[in-house]
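Peer 1: Before I ask anything, let me first share the structure, which is written out below as structure tokens.
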Amino acid sequence: MAAQMTDAHRRFLQVLMSHGIMEGSEARKLHKCCCEIHKVYYAHDKLDHFITTINSHLQPLFMQIRKGMSEGDGRAHYALVNLAETEITKLASDYAENELELFKKTMDLIMLSENGFASSTDILNLADQLKTKKMKKKEAEQMLKVFVENKWLSERNGEYTLHTRCIMEMEQYILTNYPDTARKCNICHTLAVQSQVCESCGTGMHLPCVRKYFKAQTEPRCPQCNTTWSCDIPGTDLRDSQSPSGTWRAEKSFTLSAR
């Protein structure tokens, strides 16, 4: 039998729903505050157990709080994902047909690129090629801002990639629809959009996973075929290009009423 949901669980879920995705340290702060507010048992190392209880009640709704990793710096994130649909049309309730087509074409550019990024110039050039309804470049620029605000895309210096939330929510869709380019990281076994790839056997790894795996190795070798790893090992100053915009503030979020 599933563990009983408390008001602390409900408040945690409510705040996470309002954000869509939350960085691990923020989720831990939220966990602590929810337990303190509702005077339920709190253990700092039991966040995943706390979330398991919530997930047991979300299962009939085909939803789940899933743990993932930022491709920028390897930090853990938690996101509420919809398990009922895996097609990109799950976004249809939020966007018009031509907006969805622009997103799909942007995803094509990102997934077919060598580095997991697409330039704003290349994306905007698609605006007048849409089959559903053509966009002006100004309209396309605005939609890119919306995709970033809604945490489907991330932008850095005019280059766009998939946000951590998008990767977590649409992993299966991406693996199914981009079989020639989408790969799972050999270390953490989750989808790797930005990655390094072994030239000999094609094994791919997230940049943070590469950094951690080869940290103590003087002569890095592929974990799969044992040949010399030819790519440069990332340093320790990786930036998280996919951090959610804005900072989550506990004092603001906790004004939400618990049911």
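The values are calculated or read from the model by the stated rules, or taken from the named source; none is laboratory data. From a predicted model like this one, the values you see are computed outputs, not experimental measurements. Quick reminder, even Gly has a Cβ in these numbers, built from the backbone with ideal geometry, and neighbours come from all protein chains shown. Remember, those area values only see protein heavy atoms, side chains included, never the ligands or the DNA or RNA. Shrake-Rupley method; radii C 1.70, N 1.55, O 1.52, S 1.80 Å.
Peer 1: State whether the residues of the stretch 198-207 include one that is in contact (Cβ under 8 Å) with a residue 12 or more places away in the chain, part of a loop (DSSP other than H, G, I, E, B), more than 20 Å from K67 (Cα to Cα) and of a type in the set (D, E). Steps first, please.
Peer 2: First pass over the stretch 198-207, keeping only residues in contact (Cβ under 8 Å) with a residue 12 or more places away in the chain: 198-207.
Still in the list and also part of a loop (DSSP other than H, G, I, E, B): 198-203.
With the extra rule that they be more than 20 Å from K67 (Cα to Cα), the set shrinks to 198-203.
From what is left, the residues that are of a type in the set (D, E) are 199.
Yes, because at least one residue in the stretch 198-207 is in contact (Cβ under 8 Å) with a residue 12 or more places away in the chain, part of a loop (DSSP other than H, G, I, E, B), more than 20 Å from K67 (Cα to Cα) and of a type in the set (D, E).
Peer 1: OK, next. Just one of (1) at pLDDT 85 or above; (2) open to solvent by 40 Å² or more (accessible area, probe 1.4 Å); (3) in contact with a helix residue (DSSP H, G or I) (Cβ under 7 Å, 6 or more places away or on another chain) trips up S245, so point out which.
Peer 2: That leaves (1) as the condition not met.
Peer 1: So which helices (runs of 4 or more DSSP H) stay within the stretch 1-111 end to end and still have 1 or more residues that are without any contact (Cβ under 8 Å) to a residue 12 or more places away in the chain and open to solvent by 10 Å² or more (accessible area, probe 1.4 Å)?
Peer 2: Working: elements: 7-19, 24-37, 47-58, 97-111.
By residue number, 24-37, 47-58, 97-111.
Peer 1: Name every residue in the stretch 142-168 that is out of contact with any Ser or Thr (no Cβ under 8 Å at 6 or more places or on another chain), more than 17 Å from S70 (Cα to Cα) and part of a helix (DSSP H, G or I), in order of residue number.
Peer 2: Correct list: Q142, M143, K145, V146.
Peer 1: Can L80 be described as modelled with pLDDT of 95 or more and either more than 19 Å from M170 (Cα to Cα) or among the hydrophobic types (A, V, I, L, M, F, W, C) (or both)?
Peer 2: Numbers: modelled with pLDDT of 95 or more: no; either more than 19 Å from M170 (Cα to Cα) or among the hydrophobic types (A, V, I, L, M, F, W, C) (or both): yes.
Judged against the criteria, L80 is not a match.
Peer 1: Just to be sure before I move on: is L153 open to solvent by 50 Å² or more (accessible area, probe 1.4 Å), among the aliphatic types (A, V, I, L, M) and either under 24 Å from L13 (Cα atoms) or in contact with a Leu (Cβ under 6 Å, 6 or more places away or on another chain) (or both) in the structure I sent? Before the answer, list the steps.
Peer 2: Details: open to solvent by 50 Å² or more (accessible area, probe 1.4 Å): no; among the aliphatic types (A, V, I, L, M): yes; either under 24 Å from L13 (Cα atoms) or in contact with a Leu (Cβ under 6 Å, 6 or more places away or on another chain) (or both): yes.
Criteria not met by L153.
Peer 1: Let me ask something else about it. Enumerate the pairs (first residue in the stretch 135-152 and among the β-branched types (V, I, T); second residue anywhere and surrounded by 15 or more Cβ atoms within 10 Å (Cβ to Cβ)) with beta-carbon separation below 9 Å, excluding pairs fewer than 6 apart on the same chain, so at least 6 apart or on different chains.
Peer 2: V146/Y95; V146/E99; V146/W152; V148/S154; V148/E155; V148/Y160; V148/H163
Peer 1: Looking only at the stretch 172-197, count how many residues are of a type in the set (G, A, S) and part of a strand (DSSP E or B).
Peer 2: If we filter the stretch 172-197 for residues that are of a type in the set (G, A, S), which is where we start, we get 182, 192, 195.
From the residues that got through so far, the ones that are part of a strand (DSSP E or B) too are 192, 195.
Residues in the stretch 172-197 being of a type in the set (G, A, S) and part of a strand (DSSP E or B): 2 in total.
Peer 1: Does Q196 satisfy being under 21 Å from E171 (Cα atoms) and modelled with pLDDT under 85?
Peer 2: Taking the combined requirement at face value, the residue does not satisfy it.
Peer 1: Please enumerate the residues belonging to the stretch 24-53 that are modelled with pLDDT of 95 or more, of a type in the set (A, V, I, L, M, F, W, C) and over 10 Å from A8 (Cα atoms).
Peer 2: Those that are modelled with pLDDT of 95 or more, of a type in the set (A, V, I, L, M, F, W, C) and over 10 Å from A8 (Cα atoms): A27, L47, I51.
Peer 1: On to the next question. Output yes when any residue across the stretch 205-218 is touching a Phe, Trp or Tyr at 6+ places or on another chain (Cβ under 9 Å) and under 27 Å from N157 (Cα atoms), and no when none is.
Peer 2: Yes: the stretch 205-218 contains one or more residues that are touching a Phe, Trp or Tyr at 6+ places or on another chain (Cβ under 9 Å) and under 27 Å from N157 (Cα atoms).
Peer 1: Oh, and also: Residues of the stretch 161-194 being open to solvent by 30 Å² or more (accessible area, probe 1.4 Å) and not charged (D, E, K, R), which ones? Working first, answer last.
Peer 2: Step one: filter the stretch 161-194 for residues open to solvent by 30 Å² or more (accessible area, probe 1.4 Å), giving 165, 171-172, 175-177, 179-181, 183-184, 186-190.
Selection gives Q172, L175, T176, N177, P179, T181, N186, I187, C188, H189, T190.
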